[in-house]
Amino acid sequence: MRVLMLSWEYPPHSVGGMGRHVTELAASLADRGFDLHVITPLLRGGEPIERTSTGATIHRITAPAMEGYEHTAFVQQTNSVLMQAAQDLGPFDLIHAHDWLVAQTAIDLKYAWQRPLVATIHATERGRQQGYITSGHSDHINAIEWRLTYESWRVIACSHFMAEQIQDYFDTPADKIDVVPNGVRVQPKPFQNDREQAEFRRQFAPKRSALVFYVGRLVYEKGVHILIEAWPQVLASEPDAHLVVAGTGSELERIRQRASDLGLNERITFTGFISDADRERLYRVANVAAFPSLYEPFGIVALEAMAAGCPVVVASSGGLSEVVKLHETGITVHPNDASSLAWGILHTLQHPKWAKRRAENALSEVRALYDWTTIAEGTAAIYERTVADWRREGWGIGRGL
């Protein structure tokens, strides 16, 4: 089967978890024998054409200059060049779109080629805005998301939480939605020896001090401001604890200022952007990884922490409550509650044997449920069902399917 995958993100351009998801899924599907092509805008480096080790082909298409365009207009103009690039490569047997930013290209190709469209919805605008449409811009994105789900033959959600949101927000029939979780790779230990590991850790905290780690976008819905508010309560019981906050985003300066106002500058390190390698190292040396999201369709960062054997504390919001099981694979706390978050962090720090047992359980579950081979098998089954249904309904007759 020849499959075209459309994504706004592909490394080195990755804003959230979607870029990693598309990278791993494309590689795993190509490894299963699919002729897999990814079209993505060239926004942050990378070769115009790249061939992965498993045989997937990545096409990075030069986007129009951003100057002079507001965001939605830039997206529209970029979709025009993605469309032209796809037409030069097509047709394909199936189109797979990831989120609203590539929806226009995906829908236009569906009609141009008379081929089935599958969409993965990684998040929704209304969900990011806590259930509300807050502006004309939000309304525009929400309308595109609705049309993408409407035009798709099948819709993939990364969690049951997201599946329910899609039904609620877009009136998508439940029997049109498949739930396929994100996946993660268990990486080898990133240190040559214990001495190297200890030296890396000392960059962030003294030898016997607890180290708590957050990584992700610094935006309101990720709840990092709640972690800052919780930190004085953690320090009241663990005065030598140190917090590392990695990532960038619109809330960075506000969060920094709040930490300063609380007198926490000596106990919190803001690293800014970090490499994947340093993220993996920090998971390995941290006592706790904390993710206090207010809105989280899935929670790939928590899964990555679990794959590294790091104990996790997460807010029981959205997909996080499906990934982390309370007292089995981690600690879940009340969303938007600094005291509850502080309790979860302290419980993990003060009961290291229990924390280690939960981390071991979590790693076993990651290997059993979230391996990319398993994810690719589920996605491949959706592709095959989609093409079979498309043919059975008569859409493929006389059109080369």
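Every condition in (1) surrounded by 14 or more Cβ atoms within 10 Å (Cβ to Cβ); (2) farther than 30 Å from residue 176 by Cα is met by residue 365 except one, and the failing one is (2).
Identify the residue in the stretch 175-200 that is hydrophobic (A, V, I, L, M, F, W, C) and out of contact with any His (no Cβ under 7 Å at 6 or more places or on another chain) and, among all such residues, is most open to solvent (accessible area, probe 1.4 Å). Full working, then the answer.
Kept after step one, since they are hydrophobic (A, V, I, L, M, F, W, C), are these residues of the stretch 175-200: 177, 179-180, 184, 186, 191, 198, 200.
So of that shortlist, the ones also out of contact with any His (no Cβ under 7 Å at 6 or more places or on another chain) come out as 177, 180, 184, 186, 191, 198, 200.
Values: 177: 22, 180: 17, 184: 15, 186: 58, 191: 15, 198: 40, 200: 22 Å².
My answer is 186.
Scanning the stretch 201-214 for residues that are open to solvent by less than 80 Å² (accessible area, probe 1.4 Å) and under 29 Å from the mean Cα position of the chain (by Cα) gives 201, 204, 205, 210, 211, 212, 213, 214.
Consider the stretch 1-60 and keep the residues that are among the polar types (S, T, N, Q), touching a helix residue (DSSP H, G or I) at 6+ places or on another chain (Cβ under 7 Å) and not in a strand (DSSP E or B). The one that is surrounded by the most Cβ atoms within 10 Å (Cβ to Cβ) is 28. Applying the criterion of being acidic (Asp, Glu) and closer than 23 Å to residue 197 by Cβ to the residues of the stretch 261-292, the residue that is most open to solvent (accessible area, probe 1.4 Å) is 276. Only residues in the stretch 358-373 that are part of a helix (DSSP H, G or I) count as the first member; pair them with residues that are open to solvent by 70 Å² or more (accessible area, probe 1.4 Å), Cβ under 6 angstrom, at least 6 apart or cross-chain, and list the lot. Taking only residues 6 or more apart or on different chains, the pairs are 361/328. Here is the figure for the stretch 265-323: residues that are on the phi < 0 side of the Ramachandran plot and in a loop (DSSP other than H, G, I, E, B) total 21.
Residue 346 meets each of the listed conditions (1) open to solvent by 20 Å² or more (accessible area, probe 1.4 Å); (2) under 26 Å from residue 276 (Cβ atoms); (3) hydrophobic (A, V, I, L, M, F, W, C); (4) in contact (Cβ under 8 Å) with a residue 24 or more places away in the chain apart from (2). Can you tell me how many residues in the stretch 139-159 are open to solvent by 70 Å² or more (accessible area, probe 1.4 Å) and either more than 14 Å from residue 127 (Cα to Cα) or small (Gly, Ala, Ser) (or both)? The total comes to 3. Residue count for the stretch 318-343 under the criterion of being under 15 Å from residue 295 (Cβ atoms), open to solvent by less than 10 Å² (accessible area, probe 1.4 Å) and not hydrophobic (A, V, I, L, M, F, W, C): the result is 1. Of all the numbered requirements in (1) hydrophobic (A, V, I, L, M, F, W, C); (2) touching a residue at least 24 places away in the same chain (Cβ under 8 Å); (3) open to solvent by 10 Å² or more (accessible area, probe 1.4 Å), residue 313 misses one, and that requirement is (3).
Taken over the stretch 99-136, residues that are over 21 Å from residue 319 (Cα atoms), within 25 Å of the chain's Cα centre (by Cα) and hydroxyl-bearing (Ser, Thr, Tyr) amount to 3.
Taking residue 260 as the residue in question, decide whether it is part of a helix (DSSP H, G or I) and without any contact (Cβ under 8 Å) to a residue 24 or more places away in the chain. Before you say what the answer is, go through the steps one by one.
Values: part of a helix (DSSP H, G or I): yes; without any contact (Cβ under 8 Å) to a residue 24 or more places away in the chain: yes.
Yes.
With the structure loaded, tell me whether residue 100 is touching a residue at least 12 places away in the same chain (Cβ under 8 Å), open to solvent by 80 Å² or more (accessible area, probe 1.4 Å) and hydrophobic (A, V, I, L, M, F, W, C) or whether it fails that test. No: the conditions fail for residue 100.
It is to be established whether one or more residues within the stretch 327-346 are charged (D, E, K, R), over 30 Å from residue 25 (Cα atoms), assigned to a helix (DSSP H, G or I) and over 20 Å from the mean Cα position of the chain (by Cα). No, there is no match, as no residue in the stretch 327-346 is charged (D, E, K, R), over 30 Å from residue 25 (Cα atoms), assigned to a helix (DSSP H, G or I) and over 20 Å from the mean Cα position of the chain (by Cα). Selection of first residues in the stretch 201-219 that are under 18 Å from residue 301 (Cβ atoms) and of second residues that are assigned to a loop (DSSP other than H, G, I, E, B) and among the charged types (D, E, K, R), restricted to Cβ pairs under 7 Å at least 6 apart or on distinct chains, gives the following pairs, ordered by first then second residue: 218/251; 219/251. Give the residue, chosen from 379, 373, 386, that is of a type in the set (S, T, N, Q), modelled with pLDDT under 95 and within 30 Å of residue 115 (Cβ to Cβ). Exactly one residue qualifies, and that residue is 373. The residue that is nearest to residue 22 (Cα to Cα), counting only those in the stretch 160-174 that are surrounded by 19 or more Cβ atoms within 10 Å (Cβ to Cβ) and of a type in the set (S, T, N, Q), is 165. Selection of the stretch 71-97 for residues being touching a His at 6+ places or on another chain (Cβ under 9 Å) and open to solvent by 30 Å² or more (accessible area, probe 1.4 Å) yields 71, 89.
The values are calculated or read from the model by the stated rules, or taken from the named source; none is laboratory data. Predicted model, so just to flag it, every value in this text is computed and none were measured. Glycine also receives a Cβ, built like all others from the backbone with ideal geometry; neighbour counts cover every protein chain displayed. Heavy atoms of the whole protein, side chains included, go into the accessibility calculation; ligands, DNA and RNA do not. Shrake-Rupley method; radii C 1.70, N 1.55, O 1.52, S 1.80 Å.
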